Amino acid sequence: MPPAPIAVVLAAGKGTRMASDLPKVLHEAAGKPLVTWVLETLAAAGIRDRIVVVGYRADLVERALAGMPGVALALQEQQRGTGDAVAAAADAIRARIAADAFGSRRPVVIVCGDSPMLRAESVRNLLAAWEAHGASCLLGTAHTADPTGLGRIVRDTAGRFERIVEEKDATDAERAIDEVNMSTYVFEARDLLRALADLRPDNAAGEYYITDCPGMLLREGLFVDAVACLDASETLSVNTPEQLAAVATALNNRRAKGTVST
């Protein structure tokens, strides 16, 4: 049996546009906190070992998740970007792979705690593709008719993953790309740890970005690709109360169809 996957759930942010002191991941949609939807989806995908990275009002998130089996917490002391958030879980990942046989590959799935529309089927498909390709990193992407605000997936002329470009940095041609980054990744554990150690805040915000890690591994000559295994419904994100209401409606619709966590 291959080593069991580990999930890292990013849940450290405040969510300033929510106009609330409550951590964004604890806002409820369709009767559950956003992060609970994500954790249940991961469990439905077969991932029981889940590390939740907390930061802003960590005590509230810890209290909300108390007693949930298979869930551990890692603290991001300062919010210095998504790469720094994943790095907060590095020691926990290292401890889990310490006993793995030499040469074994352990998948680490990284998702956002404010993405309740993520489906278990998408996570399973991403893991299956990662295993089939022997990949260092695979990005789960989606094609959408409205990619506004999302990072675009740039591919070379052969269709291979090249890089992620954020909308604010994209050319007109890149903005026309309809394949978008969904902040959903699966990394080989040791490759991830090495990339995190080399990550630098070489950007205007002075932050560490997990989006830099796939490119770093690609430059090492490792296999990195993007797989459009998510559907357009999963691009719904939560940054405002209005978006929270839209996501709640979509989740209730899924529930009525019996397709929640599938």
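The values are calculated or read from the model by the stated rules, or taken from the named source; none is laboratory data. What you are looking at is a predicted structure, and each value in this text was computed from that prediction instead of being measured. Positions of Cβ are generated from backbone atoms using ideal geometry, with glycine treated the same way; all protein chains shown enter the neighbour counts.
When Ala120, Ala89 are checked against the criterion of being in contact (Cβ under 8 Å) with a residue 24 or more places away in the chain and either among the β-branched types (Val, Ile, Thr) or closer than 15 Å to Arg48 by Cα (or both), Ala120 stands alone in meeting it. Among the residues of segment 10-26, write down those that are in contact (Cβ under 8 Å) with a residue 40 or more places away in the chain and in contact with a strand residue (DSSP E or B) (Cβ under 7 Å, 6 or more places away or on another chain). If the condition is that a residue be in contact (Cβ under 8 Å) with a residue 40 or more places away in the chain and in contact with a strand residue (DSSP E or B) (Cβ under 7 Å, 6 or more places away or on another chain), then Leu10, Ala11, Ala12, Val25 are the ones that fit. Residue count for segment 8-38 satisfying the condition of being out of contact with any Pro (no Cβ under 9 Å at 6 or more places or on another chain) and aliphatic (A, V, I, L, M): 4.
Out of Leu199, Leu138, one residue alone is farther than 27 Å from Leu236 by Cα and either of a type outside the set (Lys, Arg) or out of contact with any Phe, Trp or Tyr (no Cβ under 6 Å at 6 or more places or on another chain) (or both). It is Leu199. Of all residues in segment 249-261, those that are surrounded by fewer than 16 Cβ atoms within 10 Å (Cβ to Cβ) and of a type in the set (Lys, Arg) total 2.
Residues are listed down the side, and each one gets a yes or a no for (1) closer than 20 Å to Ser233 by Cβ; (2) among the charged types (D, E, K, R):
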{"site": "Arg17", "(1), (2)": "no, yes"}
{"site": "Ala58", "(1), (2)": "no, no"}
{"site": "Gly83", "(1), (2)": "no, no"}
{"site": "Ala95", "(1), (2)": "no, no"}
{"site": "Ala120", "(1), (2)": "yes, no"}
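Of the candidates Ala246, Ala158, Ala204, Ala173, the single residue that is surrounded by 14 or more Cβ atoms within 10 Å (Cβ to Cβ), without any contact (Cβ under 8 Å) to a residue 60 or more places away in the chain and over 19 Å from the mean Cα position of the chain (by Cα) is Ala246. State whether one or more residues within segment 121-143 are buried (at least 17 other Cβ atoms within 10 Å of the Cβ), of a type in the set (Lys, Arg) and under 19 Å from the mean Cα position of the chain (by Cα). Checked segment 121-143: no residue is buried (at least 17 other Cβ atoms within 10 Å of the Cβ), of a type in the set (Lys, Arg) and under 19 Å from the mean Cα position of the chain (by Cα). Residues in segment 27-52 that are touching a helix residue (DSSP H, G or I) at 6+ places or on another chain (Cβ under 6 Å) and more than 24 Å from Asn125 (Cα to Cα): His27, Ala29, Ala30, Pro33.
Quick check on this structure: which one of Asp84, Asp146, Asp114 is acidic (Asp, Glu), surrounded by 16 or more Cβ atoms within 10 Å (Cβ to Cβ) and within 23 Å of Asn253 (Cβ to Cβ)? Among Asp84, Asp146, Asp114, only Asp114 is acidic (Asp, Glu), surrounded by 16 or more Cβ atoms within 10 Å (Cβ to Cβ) and within 23 Å of Asn253 (Cβ to Cβ). The helices (runs of 4 or more DSSP H) falling completely within segment 162-262 that include 2 or more residues that are more than 29 Å from Gly134 (Cα to Cα) and of a type outside the set (A, V, I, L, M, F, W, C) map to 172-175, 241-257.
The lone criterion from (1) surrounded by 13 or more Cβ atoms within 10 Å (Cβ to Cβ); (2) at pLDDT below 95; (3) out of contact with any helix residue (DSSP H, G or I) (no Cβ under 9 Å at 6 or more places or on another chain); (4) more than 30 Å from Leu26 (Cβ to Cβ) left unmet by Asp100 is number (3).
Name the single residue that is farthest from Pro116 (Cα to Cα) among those in segment 233-243 being in contact (Cβ under 8 Å) with a residue 12 or more places away in the chain and surrounded by 14 or more Cβ atoms within 10 Å (Cβ to Cβ). Out of the qualifying residues, it is Asn239.
Set side by side, the residues Arg50, Arg106, Arg63, Arg57 differ, and just one is under 26 Å from Cys213 (Cα atoms), surrounded by fewer than 22 Cβ atoms within 10 Å (Cβ to Cβ), modelled with pLDDT of 95 or more and basic (Lys, Arg), which is Arg106.
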